[in-house]
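All remarks here apply to the structure that follows.
The values are calculated or read from the model by the stated rules, or taken from the named source; none is laboratory data. Bear in mind the structure is a predicted one, so any value in this text is a computation, not a measurement. With ideal geometry, Cβ positions are generated from the backbone for all residues, glycine too; neighbour counts draw on all protein chains shown. The area values use the complete protein model at the heavy-atom level, side chains included, leaving out ligands, DNA and RNA. Shrake-Rupley method; radii C 1.70, N 1.55, O 1.52, S 1.80 Å.
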Amino acid sequence: ACVTIGEKVIYESLIEGETLKTVVEYFRREGIRFMVQSKDHAFCEKDFEGIVIPAMLAAGVSKELIYQAYGRHTVVEDASVITGVEKLSYFCSPYPPSKISEDLSGTFYVVDFSIGISEEFSSFGELNNAGVTKATAIGNYLSHIGGSIEDTIAIGDSGNDLEMINFAHISVAMGNATDAIKAAADFTTTAVDDDGIYNAFVRLGLI
């Protein structure tokens, strides 16, 4: 949802005002916990630390990964008034992404995370404006620099990487990737915690 070259933002898709309020009210009504994320920070309501973090631990997500991904956050009274929101992450949802997207009239791109699911922690994922994916980010970058799709390489592991994997000229799945990502990619490297990107760069002759 945000593409930068150095410090310059060349593309940004924001979820603000009434649009953000609609999502927040839906999540509250359905009992789905959530976090709103801007380019520099993340904001959550008071139940995040008491409900979401224990649920993630119960799902087998390591404490290190939780705090690496969500450690920089601020608890606020009302997340619907935050500005500069690029995406929402949702947690403890009883619904799959397709149901959330349908309930919100297709206004948003909704996708699962790949970390895990448990009885206590049934579903979690993320939400962007409709049509905003990592593939559109690459497209906007290429348009800005006058670049060619033949020069693109995508490396990914989870649901929000699929459009990018299909879009790039060369695509690489991490060893820990979902089956769908592995099936779509040109080849699979080692896992994230086993030098996956480094090994992919070696295989591609970049280093």
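In the chain, helical runs assigned H by DSSP with n ≥ 4 each contribute -39500 (n - 2.57); averaged across all residues and rounded to the nearest 500, the mean residue ellipticity at 222 nm is -9000 deg cm²/dmol. Less than 5 angstrom separates the built amide H of Ile155 from those of Val172, all sequence-distant by 5 or more or on a different chain. Can you check what the net charge comes to around Asn129, using other residues whose Cβ is under 10 Å from the Cβ of Asn129 (Lys, Arg +1; Asp, Glu -1)? Net charge around Asn129: 0. Over all alpha-carbon pairs in the stretch 157-207, figure out the percentage whose distance exceeds 15 Å. Pairs farther apart than 15 Å: 38 percent. Taking amide hydrogens as placed 1.01 Å from N in the peptide plane, the amide H of Tyr11 sits under 5 Å from those of Val3, each at least 5 positions away in sequence or on another chain.
Annotation: amide H-H contacts under 5 Å for Arg33 (H modelled 1.01 Å from N, sequence separation of 5 or more, or interchain): Phe91.
Based on the Stokes-Einstein relation at 10 °C and a viscosity of 1.306 mPa s, and on the Kirkwood radius from alpha carbon pairs, the stretch 23-92 is assigned a translational diffusion coefficient of 129 µm²/s.
List nothing, just return the count: lysine pairs in the chain, 8 or more apart or interchain, with Cα separation under 24 Å. Summing the qualifying lysine pairs gives 17.
Backbone geometry of the stretch 144-157 corresponds, through the Karplus equation with coefficients 6.51, -1.76 and 1.60 at θ = phi - 60°, to 3J(HN,Hα) couplings of 5, 9, x, x, 10, 4, 5, 9, 9, 10, 10, 10, x, 9 Hz, x marking Gly and Pro.
With Cβ to Cβ distances under 11 Å as the rule, what net charge do the other residues near Ala180 carry (K, R +1; D, E -1)? Residues near Ala180 contribute -3 overall. The local environment of Thr152, defined by Cβ-Cβ distances under 14 Å, has a net charge of -4 under the rule Lys, Arg +1 and Asp, Glu -1. Extension gain, Ile66-Lys21: 0.36 nm per intervening residue step, less the Cα-Cα distance, totals 13.6 nm. Label the stretch 96-207 by shape, choosing from rounded, prolate and oblate, from the square roots a ≥ b ≥ c of the eigenvalues of the Cα gyration tensor; if a/c is under 1.5 it is rounded, and otherwise prolate applies when a/b is larger than b/c, oblate when it is not. Verdict is oblate for the stretch 96-207. Computed in the context of the full set of protein chains, the accessible area of the stretch 131-207 at 1.4 Å probe radius has 52% of its extent on carbon or sulfur.
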